[in-house]
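All remarks here apply to the structure that follows.
The values are calculated or read from the model by the stated rules, or taken from the named source; none is laboratory data. Please read all numbers here as calculations on a predicted model, not as lab measurements. Note: ideal-geometry Cβ built from the backbone for every residue, glycine included; neighbour counts use all protein chains shown. With ligands, DNA and RNA removed, areas are computed over all heavy atoms of the protein, side chains included. Shrake-Rupley method; radii C 1.70, N 1.55, O 1.52, S 1.80 Å.
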Amino acid sequence: MRVHVCGVRGSTPAPGVAFARYGGHTSCLAVAADGAVPSLILDAGTGIRRVTGLLDGRAFDGSILLGHLHWDHTQGLPFFAAGDRPDARTTLYLPAQGDPVEVLSRFMAPPHFPIPPTSLRGTWRFEGLEAGDHEIEGFSVLALDIPHKGGRTFGYRVSDGRSSLAYLSDHNPVALEPGEHGLGPHHETALRLAEGVDVLVHDAQHTAEELPDKAAFGHSAAEYALTLAEAAGARRVLLFHHDPNRTDDEEDALLARFGESPIPVDAAREGQVLEL
């Protein structure tokens, strides 16, 4: 399984030279089976624009999983060129919450945008996904509800039978309780998603020091990602959903905090490829 990191920021894109090394696009990963082009996309932030360049000129033929419906996870959808062409085939899944087209049209339709989702070219299906186990594009996908402010939110576990990835891009465990270290508890769904995975991609928008003032925003401290990985037996951590105001140098400094971690830790960068 090959995972292409296409967008790493949270909340809003972060353009400019101070953000160039890690990247300024919002949340998107593209997953490919060995030897194939990506067929499964996790989130459709502005980073989805990068997926077109991974397809060798072909139309997209696959599925998109949305973790939730905030702008930074959906705003790239109408700008995904490989999915907006007559020969494309796309199934878009979102956490079930009413009619999926009606829900998506609240952000993508006049007067907020020129066209609704149903006007994208190609063959599109829009499906509400329930929590549980699914087979999507040849991958085993576990979708589970995780706490995040402002709408139903899923974390995902994706496996090809040999390797596995956990994706908790927006996660606010302190909404449940403070937990042992004030960072939130290692609750059941988080542990199930992260158990023994090859890589845990996890919300790291805040630091432990920032969290008390920013917990109401709905995100995690980077330190929580490490404690969850240790509790769940994850083999590697990829810090994700970087604060849009955190510069590359500041991201370097955050990453340096974990230099002595028993579990390898990296910060997600656009263009990064994970071979699992």
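Quick notes on this structure:
Residues checked against (1) in contact with a Pro (Cβ under 9 Å, 6 or more places away or on another chain); (2) within 25 Å of GLU180 (Cα to Cα):
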residue	(1), (2)
GLY218	yes, yes
GLU230	yes, yes
ARG236	yes, yes
ASN245	no, no
PRO262	no, yes
VAL273	no, no
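- Any chance THR74 is surrounded by 19 or more Cβ atoms within 10 Å (Cβ to Cβ), under 17 Å from LEU40 (Cα atoms) and either modelled with pLDDT of 95 or more or of a type in the set (A, V, I, L, M, F, W, C) (or both): yes
- Residue within the stretch 62-82 that is more than 23 Å from GLY128 (Cβ to Cβ) and assigned to a loop (DSSP other than H, G, I, E, B) present: yes
- Single residue of ASP213, ASP252 found to be out of contact with any helix residue (DSSP H, G or I) (no Cβ under 9 Å at 6 or more places or on another chain), under 25 Å from ARG50 (Cβ atoms) and either at pLDDT below 95 or not in a strand (DSSP E or B) (or both): ASP252
- Candidates ARG2, ARG9 - the one that is within 21 Å of TYR156 (Cβ to Cβ) and under 11 Å from the mean Cα position of the chain (by Cα): ARG9
- Boolean, ALA59 is at pLDDT 95 or above, open to solvent by 40 Å² or more (accessible area, probe 1.4 Å) and either closer than 14 Å to ALA30 by Cα or part of a loop (DSSP other than H, G, I, E, B) (or both): no
- Those residues of the stretch 184-197 which are open to solvent by 20 Å² or more (accessible area, probe 1.4 Å) and outside any loop (DSSP other than H, G, I, E, B), in sequence order: GLU188, THR189, LEU191, ARG192
- Yes/no for ARG50 being assigned to a helix (DSSP H, G or I) and either among the hydroxyl-bearing types (Ser, Thr, Tyr) or modelled with pLDDT of 95 or more (or both): yes
- Selection of the stretch 152-183 for residues being of a type outside the set (Phe, Trp, Tyr), touching a His at 6+ places or on another chain (Cβ under 8 Å) and open to solvent by less than 40 Å² (accessible area, probe 1.4 Å) yields THR153, GLY155, ALA166, LEU168, SER169, ASP170, HIS171, ASN172, PRO173, GLY179.
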